[in-house]
Structures are given as C-alpha cells and as structure tokens.
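The values are calculated or read from the model by the stated rules, or taken from the named source; none is laboratory data. None of these values were measured; they are calculated from a predicted model. Note that each Cβ is placed from the backbone with ideal geometry, even for glycine, and that neighbours are counted across all protein chains shown. Ligands, DNA and RNA are excluded from the accessible area calculation, which covers all protein heavy atoms including side chains. Shrake-Rupley method; radii C 1.70, N 1.55, O 1.52, S 1.80 Å.
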Amino acid sequence: MGDKALTYARIIATGSALPERVVTNADLEKIVDTSDEWIRSRTGIRERRIAADGETTGDLGYRAAIAALEAADVKASEIDLIILGTTTPDIIFPSTACLIQHRLGANGCAAFDINAACSGFVYALGVADKFIRSGQSKKVLVIGAETLTRMVDWNERETCVLFGDGAGAVVLEASEEPGILATCLHADGGFKELLYNPVGVSAGFTDEPNHGVRIHMSGREVFKVAVKTLDSLVGETLAAAGMEESEVDWLIPHQANLRIIEATAKRLKMSMERVIVTVDRHANTSSGSVPLALDEAVRSGRVKRGQNLLLEAFGGGFTWASALLKY
Ligand code: ACO
C-alpha cells in the first residue's frame, strides 16, 4: 500500500465560515427572561452567529472547505477522502460530506459524515489520521460544520443562549514531517439522558413545535462530567504522545463554556494566554467549534509552524476526543 516513509498526517492548511447574522445577548433579552450579565458570567458568551433562512450546514462546510483548499493550494480533485463531523446534516441522506464533495468537484473519493455531537470534528480528525497512517489516503479534507440553532427551542432560556452556527475545515496530507502525534476517542452512551434530542426518523416525531426536535440538556450535570472527563483526557493524551504539559504550546478546546475551558487550562498548568477562545463571539457551534478556533488562531498568526497543539472536545453521547499534533 503506502510509502513507508509517509507516516504522519499533517495539517497543511485551515479554513472556516460563519453566517453573517450576529445575535447578541441583548437581542436574546428581548426573547427570553435572561440577561447579558447571566449569560456572560455563566458561559463567557457575548454573541453568536445564526444561519440565514435556507443557509445550511453544507453551505457553511463548503465555504470552510474552499477556504482551507485555497490556503493549502490544493485542488479538490487531489482530495482522496472527505470526513465531516456534524449532528445537523442538511438532509438525512446523502450525507452532507457527499453534498459538499459534489459542490467541490471532488467526485469519486470516499466521503462520509460522523455524528459524535460536539466531538464530531475531533473524531473525524482521529479517523482521517488512521486512513493516512495506513497508507490508504494521501490528502484528506476534514470538516466540522453545524447549524445547531435549528434545533434550539427559542422559548427555553436554559439552552437557547448557548448555541451558534459555523464551520471549520483542515486539509491533511501524508508527510514525513511530524503532524498528528496522538488521538484519543471515547464515548459512553450511558449518559444519553443528560444531553439529547428525543426524536428522529426511526423513533418518530411528535406534534410539538419543530416536530419535537430540540436539545434536552441537564446543564449542571453535563458541566460536572465534562470538567472531570476532560481532566483525565488531557492526561491520557499527553501520555499517548509521550509529552509533558509544558511542551504544549496551545490548547484549542471545544467552545461550550469558558469555565470548562479554564478548568482544562488549569489542569494543563497553562495560562489563558495560551488558550484559543472564541466562545465569546461564536458560542457553542458543536463540531464547528474546534476547527473554527484553530483557523482563527492560524490566520491571526498566533499558532505557528512547529508548535504543539492540543485539541479536545466533549459532547452529547457522551462523546469526548482529543488530538495532540505538531502544526
Ligand atoms: N438566563 C437567566 N437565568 C438562567 C438561564 C438564562 N439563560 N438559564 C438558566 N437560568 C437559571 C436557572 O433557572 C437557575 O435558576 P434557579 O437557581 O432559580 O433554579 C439558575 O439560572 C442556575 O442554573 P444552573 O443550571 O445551575 O447554572 P450553571 O451555572 O450550571 O450554568 C450552563 C448553566 C451554562 C448551561 C452550564 O451548566 C453549562 O455550560 N453546562 C455545560 C454545557 C455543555 O458543555 N454542553 C456540552 C456540549 S453541547 C452538545 O454536545 C450539543
């Protein structure tokens, strides 16, 4: 199969896309009984982007993919695998990865979606790494894209203030230079009741608004498990890569809540100056959040070639995943 020297999956470029419409905490104060102060102090969120009517996960993912391909100077026809992390696909099938593949003109390569809720992008990165390491793929497009606000009940203040829409993407290439050093993927379906959507094609829909599609979340319990789980995930990932906390240059975490991010930074003995934070402007974009934060960090010049990045995410399932890589 593959050339033995081409061992690593290396990120050669990143891209991202956000909807135009900005919704601030003050805007939400007009819809539900909440306040800018409550949202900021509990979550760190100031505003979020919301997809326009008709603007889909696939539209955002496509734009992010184009930005990453342009930055990589790679043609869509060179891509031999597309993996998309999403919980909010455009339609049930074909997969959103297939829809994007056709729009890009990358027809013929393997393309599929991964549903791991907020961990979707990091899961996709872990799977792509295995395809490259095995010699099966040489150039892979990995996307995280969501329109989670389509699942939000705008009357429920406990959840509607938390989410936003967006997408990010990376182009991975087989390389002799170190790239992804370790990935850790986990799930525990026993936690389903703490964070889930109760309806679907097979289970059926209801007569409630939005056919019963909405996010059920026990916020306080999710928070506690997330902090504890990410704490042990960090240790596991460092051990898998044979690295110390002090060798990690940047933490690029899932952007659900600033307090969860701060707890993980503390576990890594990292000051917040070395943590990429976008939750204030994007809120929780689920699978979109890690690649959005990564792209912002790369394009702003903070993340530089040769630095070690720790990516991590936690979400519905529960699922949790990490990737430690040399950029
Ligand atoms: N505005 C004002 N008050 C509110 C709001 C709001 N938007 N939402 C809840 N409250 C009230 C509650 O009713 C409660 O009132 P009470 O004390 O009178 O009962 C009070 O605020 C405190 O509520 P808590 O739930 O204890 O608040 P907490 O500090 O835990 O913050 C939050 C809630 C932000 C949801 C937090 O628990 C959290 O971030 N949880 C984790 C979310 C997460 O990480 N999700 C995973 C990814 S999502 C995915 O995978 C799809």
Open item on the list: Looking for something out of contact with any helix residue (DSSP H, G or I) (no Cβ under 9 Å at 6 or more places or on another chain) and at pLDDT 95 or above - is there at least one such residue anywhere in segment 2-19?
Closed with: no
Open item on the list: From the list ALA174, ALA117, exactly one residue is open to solvent by 10 Å² or more (accessible area, probe 1.4 Å) and within 23 Å of ARG281 (Cα to Cα). Which is it?
Closed with: ALA117
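The rows are residues; the columns are (1) over 21 Å from the mean Cα position of the chain (by Cα); (2) not aliphatic (A, V, I, L, M).
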site	(1), (2)
LEU172	no, no
HIS186	no, yes
LEU195	no, no
VAL201	yes, no
GLY219	no, yes
THR237	no, yes
- [ ] Would you be able to say whether some residue in segment 261-270 is within 25 Å of PRO89 (Cβ to Cβ), open to solvent by less than 30 Å² (accessible area, probe 1.4 Å) and of a type in the set (Val, Ile, Thr)?
- [x] no
TODO: Could you please tell me which pairs satisfy a Cβ distance under 9 Å, a separation of 6+ or placement on different chains, a first residue in segment 301-313 that is among the acidic types (Asp, Glu), and a second residue that is part of a strand (DSSP E or B)?
DONE: GLU312/CYS184; GLU312/LEU251; GLU312/ILE252; GLU312/PRO253; GLU312/TRP320; GLU312/ALA321; GLU312/SER322; GLU312/ALA323
Open item on the list: Take MET270 and tell me if it is more than 22 Å from GLY120 (Cβ to Cβ), of a type outside the set (Asp, Glu) and free of Cβ contacts under 8 Å to residues at least 40 places away in the same chain.
Closed with: yes
- [ ] Hey, can you tell me all the residues within segment 253-266 that are of a type outside the set (S, T, N, Q) and within 16 Å of the ligand (Cβ to nearest atom)?
- [x] PRO253, HIS254, ALA256, LEU258, ARG259, ILE260, ILE261, GLU262, ALA263, ALA265
TODO: Among what's in segment 187-217 and is part of a loop (DSSP other than H, G, I, E, B) and over 21 Å from GLY120 (Cβ atoms), pick the residue that is least open to solvent (accessible area, probe 1.4 Å).
DONE: THR206
Open item on the list: Give me the strands (runs of 3 or more DSSP E) completely within segment 44-148, filtered to those with at least 1 residues that are without any contact (Cβ under 8 Å) to a residue 24 or more places away in the chain, within 16 Å of the ligand (Cβ to nearest atom) and of a type outside the set (A, V, I, L, M), ordered by residue number.
Closed with: none
Task: Single unsatisfied condition, ALA26 versus (1) in a helix (DSSP H, G or I); (2) within 16 Å of the ligand (Cβ to nearest atom); (3) buried (at least 18 other Cβ atoms within 10 Å of the Cβ); (4) among the aliphatic types (A, V, I, L, M) - done: (3)
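One line per residue, one yes/no per condition, for (1) open to solvent by less than 60 Å² (accessible area, probe 1.4 Å); (2) touching a strand residue (DSSP E or B) at 6+ places or on another chain (Cβ under 7 Å); (3) not charged (D, E, K, R):
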{"residue": "GLY54", "(1), (2), (3)": "no, no, yes"}
{"residue": "GLY61", "(1), (2), (3)": "yes, yes, yes"}
{"residue": "ALA76", "(1), (2), (3)": "yes, no, yes"}
{"residue": "LEU81", "(1), (2), (3)": "yes, yes, yes"}
{"residue": "LEU84", "(1), (2), (3)": "yes, yes, yes"}
{"residue": "THR88", "(1), (2), (3)": "yes, yes, yes"}
{"residue": "THR96", "(1), (2), (3)": "yes, yes, yes"}
{"residue": "ILE100", "(1), (2), (3)": "yes, yes, yes"}
Open item on the list: Residue pairs, Cβ under 9 Å, 6 or more apart or interchain, first in segment 198-223 and of a type in the set (Phe, Trp, Tyr), second within 8 Å of the ligand (Cβ to nearest atom) and open to solvent by less than 60 Å² (accessible area, probe 1.4 Å). List them.
Closed with: PHE223/ALA256; PHE223/ASN257; PHE223/ILE260
Open item on the list: I'm trying to understand the selection: among the residues of segment 218-233, which are surrounded by 17 or more Cβ atoms within 10 Å (Cβ to Cβ) and in contact with a Leu (Cβ under 6 Å, 6 or more places away or on another chain)?
Closed with: VAL222
Open item on the list: If I filter segment 206-219 for residues that are within 16 Å of the ligand (Cβ to nearest atom) and over 25 Å from ALA51 (Cα atoms), do I get at least one hit?
Closed with: yes
Open item on the list: Can you find a residue that is crowded, with 16+ Cβ neighbours inside 10 Å, touching a Lys or Arg at 6+ places or on another chain (Cβ under 6 Å) and hydroxyl-bearing (Ser, Thr, Tyr) anywhere in segment 41-51?
Closed with: no
